[in-house]
1. Please give the helix 32-46 orientation as an angle from the longest Cα principal axis of the chain, in degrees from 0 to 90, rounded to the nearest 10.
2. Given a Förster radius of 25 Å and the C-beta distance between H18 and D44 as r, what FRET efficiency does 1/(1 + (r/R0)^6) yield to the nearest 0.05?
3. Want the number for E105 to S160: 0.36 nm per residue separation, take away the alpha-carbon distance, what's left?
4. Could I have the simple spin-label model distance between R56 and V292, label points 7 Å from Cα toward Cβ, reported in nm to one decimal?
5. Which aspartates and glutamates have a Cα less than 16 Å from the Cα of K40, not counting those fewer than 8 places away in the same chain?
6. Which whole-number percent of Cα pairs in the stretch 99-151 have a distance greater than 13 Å?
7. With the other protein chains left in place, how much accessible area per residue, in square angstrom, belongs to the stretch 218-283 at a 1.4 angstrom probe?
8. Name all residues of the stretch 231-245 having a backbone nitrogen under 18 Å from the label point set 7 Å from the Cα of A179 along its Cα→Cβ direction, giving them as ranges.
Amino acid sequence: MYPASFKQLQALQLVARHQSVSRAAEAMHVTQPAVSLHLKQLEDAAGVPLTRRQGRNIQMTAAGELLVGYAERILGLWEEAGDEIAALKGVTSGTLRIGAVMTAEHLLPPMLVRFTTGRPHVRIKLQVGSRPEVIGMLSRDEIDLAIMGTPPREFPTSASRFARHPMAFFVAPGHPLLAQGPVTLADIAAHNLLVRERGSGTRAAIERRFEEEGVALAIGSELSSNEAIKQMTAAGLGVAFLSVHACTLEVRNRLLSVLPVPGVVVQGEWHVMHKAARAIPTVAASFHEFMVEHGQQVISDELESIAWK
């Protein structure tokens, strides 16, 4: 294959993303014939078709999918090289590619705001998913940093604990358990306990706490979304167990209330990590350092805003 230009690789990448030559042309700010020419030149170089038409959309052939993967890596490395050159000039720039488990999606925005203040050249690419999804993204180098409770065991990582965070039980205001007096884990088990799916950090924490107390864990409903759990709880359909910082907005707006359970304190830990065998971009290394230095304070400030005790 003869050397391809960055424009040709970008055209292939955007056609694969949008499944359309016209939308790829709009994204590149060029004409449709220009994008088609770029694709033809790449096909001539490869000697095999890279795309096929499927109805109104354009899809990649097996060869096209293969080349798209290499194109993304090449373009990403070139962008990373530019960011590193900028870093030599004392400018923190580039795309911060970060993945976070669902519970952390409420934690990261205030941290990202503080980090990017004074760093106008930093772009954010945040992907939120389940723990297995985030681990997969990190293993495939789709993200540079991952935020989760416990580092994965599937491959070596360089992980740093940056904060502890409380977990608690939540109910809708007016729930009968709020007026009952001292509440026990056995009481909660009898009121439709809403929890995350197996494999999540909050699920592991509540299972461990019930086991430590010698109380049988009776799960009322299992959901894969914190938002779904909060909405069901606010509607009065059960008792939720979630990280406190995931519920700050609902507590402020009196949609949820913390259910005190005397003697039961559950603390989780947050880690920021990257693959041990891979050097990360300067912008990712800077955010990693920022999280370790300031992460706990950001969480504490958020919890103080709802008078959490």
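The values are calculated or read from the model by the stated rules, or taken from the named source; none is laboratory data. The structure presented is a predicted model; accordingly, all values stated were derived computationally and were not measured. Neighbour counts run over all protein chains shown; Cβ positions are idealised from the backbone, glycine included. Only protein heavy atoms, including side chains, enter the accessible area calculation; ligands, DNA and RNA are left aside. Shrake-Rupley method; radii C 1.70, N 1.55, O 1.52, S 1.80 Å.
1. Rounded to the nearest ten degrees, it is 80.
2. The calculated FRET efficiency here is 0.65.
3. Using 0.36 nm per residue and subtracting the Cα-Cα distance, I get 18.0 nm.
4. The answer from the label model is 5.1 nm.
5. K40 reaches E65.
6. 58 percent
7. I get 43 Å² per residue for this part.
8. 235-239
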